[in-house]
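Have a look at the structure below, then the notes.
The values are calculated or read from the model by the stated rules, or taken from the named source; none is laboratory data. All values derive from a computational prediction rather than experimental measurement. Heads up, the Cβs are rebuilt from the backbone with ideal geometry, glycines too, and the neighbour counts pull from every protein chain shown.
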Amino acid sequence: MPPKIKCRVANCIYWQDGDCRAESITVAVEGTPNNSSAHNDRDTECETFRARA
Ligand code: SF4
């Protein structure tokens, strides 16, 4: 079973009441297009984020 994703980015189209409703998400090291290593949690980002219009 995939992990339940809790999220606090309330203006994302996939966000609902503190949960992520996307089928899957991609988390990457901020600013790097390929596989890379993060130094800490702040180096990471959700690339699936889409702002609510
Ligand atoms: S897609 Fe990313 S930013 Fe959007 S609700 Fe899910 S985890 Fe949060």
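What's the number of the condition G31 fails, among (1) modelled with pLDDT of 95 or more; (2) over 12 Å from the mean Cα position of the chain (by Cα)?
(1)
Consider region 1-28. How many of its residues are more than 10 Å from the chain's Cα centre (by Cα), of a type in the set (A, V, I, L, M, F, W, C) and in a loop (DSSP other than H, G, I, E, B)?
Residues meeting the conditions: 3.
With respect to D41, determine if the residue is surrounded by fewer than 10 Cβ atoms within 10 Å (Cβ to Cβ), more than 8 Å from the ligand (Cβ to nearest atom), acidic (D, E) and at positive phi.
no
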